[in-house]
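Single-structure report; data block below.
The values are calculated or read from the model by the stated rules, or taken from the named source; none is laboratory data. Just so it is clear, the structure is predicted and the values come from calculations on it, not from any experiment. Note that each Cβ is placed from the backbone with ideal geometry, even for glycine, and that neighbours are counted across all protein chains shown.
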Amino acid sequence: MAIEEGIVIAQKDGAPGLALVKTVRSGACESCAARHSCNVDRNSQEMEVAAVNLAGAAPGDRVCIQVATGPLLKVTFLTYLFPIICMLIGGLAGNRWALANSAGHESAIAALGAGAAFVTSFFLVKLIAKKMEKDTRYQPKITRIISRAPAMPKEISCQPQNRGRDS
């Protein structure tokens, strides 16, 4: 199970039960299905991620975010291995087709088949990732509150206080 720490910065508008959490980007982010829901500044290691708020965290709370291992492995397979497997199958299919039809240039046709299958696999990965993005099994979850945000004392206010003087 991938575990990260972060600070809740807001409740996500229009999505009940989701919170925006600021955290530091790690290597696990590259294979995460929900990586497109993160707001990442390319010049910074900090990012904002939408997470299912199971712990009832409020803005300012320091929290643990978890992504289950099973879904993480599925996403890793889909991202890295699926395109390679498709490329191999496309190459073998192109080679067999060239041999069966006595087309000649088996290597070139195998390379075309591999390339076509590889490109097609990216479109399939994109379609599958869009479905996975909406599935809460593949979304990060706030599982524990490490520390609550300090409460603002009532006597502190940004408004000027009237101390009995009329101006």
Q. Can you find even one residue in the stretch 102-111 that is at pLDDT 90 or above, out of contact with any Lys or Arg (no Cβ under 8 Å at 6 or more places or on another chain) and buried (at least 17 other Cβ atoms within 10 Å of the Cβ)?
A. yes
Q: Scan the helices (runs of 4 or more DSSP H) fully inside the stretch 42-158 and keep the ones with 1 or more residues being small (Gly, Ala, Ser) and more than 30 Å from Pro16 (Cβ to Cβ).
A: 82-100, 106-134
